[in-house]
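The values are calculated or read from the model by the stated rules, or taken from the named source; none is laboratory data. Note that this is a predicted model, so its numbers are computed, not measured. So basically every Cβ, Gly included, is an ideal-geometry build from the backbone, and we count neighbours across all protein chains shown. Areas reflect the complete protein model, heavy atoms only, side chains present, ligands, DNA and RNA absent. Shrake-Rupley method; radii C 1.70, N 1.55, O 1.52, S 1.80 Å.
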Amino acid sequence: MTPAVTVTAEVMGTVASITLIAAVRRDGDVGDAVAACIERLRDDERVFSTYRDDSDVSRLRDGLLALDDADPRVAEVAARCRELRARSGGRFDADWRGWFDPTGYVKGWSVDAAATAFDGVLAAGAIEAVGVNVGGDMRLRTAGGSDHVWRVGVAHPTRAGALLATVEVIDAAVATSGTAERGAHLIDPRTGTALTGPVSATVIASDLATADAWATIAAVAGIDDLDVVGSAPVASGIVWQHGRTRRFAGGVEVSAFHDALAG
């Protein structure tokens with residue numbers, strides 16, 4: 001079994017887990033990379049958290065800060081969110097409440113940036129692979145020349161302990177959005193109403209910002225409204241709702257079936 005070590009830290013209202021595969025050393029450059037990764041996540045939280053009154057996003061919401069005076073990262077994320085709103089036909093909208101809330105995008109974007117802290121140690125062979133998992137959404141990286149494969153289980157939305165699928169990736173991101181873990185927290189921004197009934201959407205993409213956002217879009221769209229996903233810049237995905245599963249890859253649906261045991 002490939003040796004691994006996992007470091008955890010509380011960030012963004014959840015737990016970040018950093019898993020290092022075949023680390024030849026766990027201090028020095030590797031330790032510095034872990035610290036830099038966590039620091040970037042926490043600094044992005046400082047800027048974007050909607051739960052902190054002193055964050056740039058909260059101060060924008062409260063009229064205490066102008067966009068031009070905010071951290072430059074805010075304008076970057078806002079531009080990406082506007083692009084997603086247009087591309088998704090409004091199924092993703094960071095401004096639907098009347099103020100800017102990039103929650104459905106910024107976590108993945110932040111993890112992507114934080115994971116670059118491992119560029120040097122991956123290139124130097126100090127680690128074979130690294131996975132950064134924040135709240136169940138993962139950016140998984142493998143060094144060139146390594147045969148390490150990440151195997152990720154996708155939890156079944158209604159059967160505790162069961163898997164809907166297992167996906168394998170080498171260097172990619174995996175994100176899941178749905179109601180299984182947090183209940184009816186997903187909002188259709190076009191109507192302002194919460195999604196009812198169990199739904200799950202898992203998306204694999206080259207970066208977590210894309211995977212995270214499009215998993216949310218697919219979950220909001222629902223099992224019968226996935227045409228919008230066909231043009232998404234994602235590798236593949238799995239959507240489950242009402243006992244039905246649809247899988248797609250490269251914009252093409254590859255399978256669809258009904259789960260007779262769903263409930």
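How many residues are surrounded by 23 or more Cβ atoms within 10 Å (Cβ to Cβ) and in a loop (DSSP other than H, G, I, E, B) when one looks only at segment 110-128? Total satisfying the criteria: 1. The set of residues in segment 75-104 being open to solvent by 70 Å² or more (accessible area, probe 1.4 Å), out of contact with any Phe, Trp or Tyr (no Cβ under 7 Å at 6 or more places or on another chain) and among the charged types (D, E, K, R) consists of Glu76, Arg82, Glu83, Arg87, Arg97. I'd like to verify a number: residues in segment 129-154 that are touching a helix residue (DSSP H, G or I) at 6+ places or on another chain (Cβ under 7 Å), surrounded by 22 or more Cβ atoms within 10 Å (Cβ to Cβ) and free of Cβ contacts under 8 Å to residues at least 40 places away in the same chain, how many? Number of matching residues: 1. On the given criteria, is Ala219 under 29 Å from Arg97 (Cβ atoms), in contact (Cβ under 8 Å) with a residue 12 or more places away in the chain and in contact with a helix residue (DSSP H, G or I) (Cβ under 7 Å, 6 or more places away or on another chain)? Spelling it out, it is not the case that Ala219 is under 29 Å from Arg97 (Cβ atoms), in contact (Cβ under 8 Å) with a residue 12 or more places away in the chain and in contact with a helix residue (DSSP H, G or I) (Cβ under 7 Å, 6 or more places away or on another chain).
Number of residues in segment 54-84 that are without any contact (Cβ under 8 Å) to a residue 24 or more places away in the chain and part of a helix (DSSP H, G or I): the value is 12. For Lys107, the conditions (1) open to solvent by less than 40 Å² (accessible area, probe 1.4 Å); (2) part of a helix (DSSP H, G or I); (3) within 30 Å of Gly230 (Cβ to Cβ) are fulfilled apart from (1).
Just to check your reading of the model, which residue among Arg42, Arg91, Arg97 is of a type in the set (D, E, K, R) and assigned to a helix (DSSP H, G or I)? Going through Arg42, Arg91, Arg97 in turn, just one is of a type in the set (D, E, K, R) and assigned to a helix (DSSP H, G or I): Arg42.
Within the set Thr179, Thr166, the sole residue that is closer than 30 Å to Leu195 by Cβ and open to solvent by 60 Å² or more (accessible area, probe 1.4 Å) turns out to be Thr166. Residues being over 28 Å from Leu186 (Cα atoms), at pLDDT 95 or above, out of contact with any Gly (no Cβ under 7 Å at 6 or more places or on another chain) and surrounded by 20 or more Cβ atoms within 10 Å (Cβ to Cβ) are entirely absent from segment 53-68.
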